[in-house]
Amino acid sequence: MTLLCAHMPQWAFWENTDGQATLTVKRNGEDLIAHEQSDPAKLAQSIKPAWRRRLDLFGRAAAEVLAHTLAGTDNPRIVFCSRHGNIERTVKLLHQVATDEALSPADFSMSVHNAFIGVASINWSITASHTAISAGDDTLIAAMTETLAQLATDPRPVVLCFVDLPLPDIYQDHIEQSDTGMALAIRFDPHDKAGSGTDNLFGFANLAPEERNMLLPGKAFDQAKAMVELLSSRTERINIVGKTTAWTLSRHD
């Protein structure tokens, strides 16, 4: 069992089910967790207009939550993860190929899995490294493992950003999926950061294989919601279980 500690002082969670979208935000230094209705058309106002026009709902949802984890002239590393990426654009491009239509250059460039992070890096002048991860239902837990590994080897802050939207209708007969879209961004600071005390301090214990085998792997959507429950102080401990890795997260404040 490996025990790591990290502060998670800022986070934001956007969820959209059947057109009813909400945004939950925890800001650094504030005890209050803000919870409000969210208009998808008004997301990502912190992105410069020239870049915002290039983003669809996938990118705007990611930008909205990411913005709430940044601080001033911050330059954090970013671990970006999504099971399917911006698949709406990919399906659109495939349809254009199949029907001999001209491909959209904007859709082509923004369909790349880490395209959004490129836009975010330019918009916020982030020059630190970023990592893009896609691992099926293990996407979020793989990204969290990468985030903790980076934080353990280098104490600079890391932001974990997860986003996924429902798959296009063309997949509905082939893949069981949720009708919920969501985006989650969490800032990870080192546990010994000056002035942080024990506020928003969490422990991460890696479960041994025999313990992990007694638990069923979860889906990325469910894992994200469980993390929000923990961050919102509605629970003290959760298990995030994947096919090959499992973490127990617990509050230390």
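The values are calculated or read from the model by the stated rules, or taken from the named source; none is laboratory data. Bear in mind that the values here come from a model prediction, so they are computed numbers and not experimental data. Positions of Cβ are backbone-derived with ideal geometry, glycine not excepted, and every protein chain shown enters the neighbour counts.
Among the residues of region 219-253, those identified as within 16 Å of the chain's Cα centre (by Cα), outside any strand (DSSP E or B) and closer than 15 Å to D138 by Cβ are K219, A220, F221, D222, Q223, A224, A226, M227. Restricting region 188-218 to residues that are in a loop (DSSP other than H, G, I, E, B) and among the aliphatic types (A, V, I, L, M) leaves a set whose member that is modelled with the lowest pLDDT is A194. Total residues in region 1-44 satisfying the condition of being part of a strand (DSSP E or B), modelled with pLDDT of 90 or more and not aliphatic (A, V, I, L, M): the figure is 13. Count of region 154-187 residues, restricted to those that are more than 22 Å from A44 (Cβ to Cβ), modelled with pLDDT under 90 and either in contact with a Pro (Cβ under 8 Å, 6 or more places away or on another chain) or exposed (fewer than 13 other Cβ atoms within 10 Å of the Cβ) (or both), is 10.
Any residue at all in region 32-48 that's touching a helix residue (DSSP H, G or I) at 6+ places or on another chain (Cβ under 6 Å), of a type in the set (G, A, S) and in contact (Cβ under 8 Å) with a residue 12 or more places away in the chain? Checked against the condition, which is being touching a helix residue (DSSP H, G or I) at 6+ places or on another chain (Cβ under 6 Å), of a type in the set (G, A, S) and in contact (Cβ under 8 Å) with a residue 12 or more places away in the chain, region 32-48 yields at least one hit. Answer yes if at least one residue in region 11-22 is exposed (fewer than 14 other Cβ atoms within 10 Å of the Cβ), on the phi > 0 side of the Ramachandran plot and in contact (Cβ under 8 Å) with a residue 60 or more places away in the chain, and no otherwise. For region 11-22, residues exposed (fewer than 14 other Cβ atoms within 10 Å of the Cβ), on the phi > 0 side of the Ramachandran plot and in contact (Cβ under 8 Å) with a residue 60 or more places away in the chain: present.
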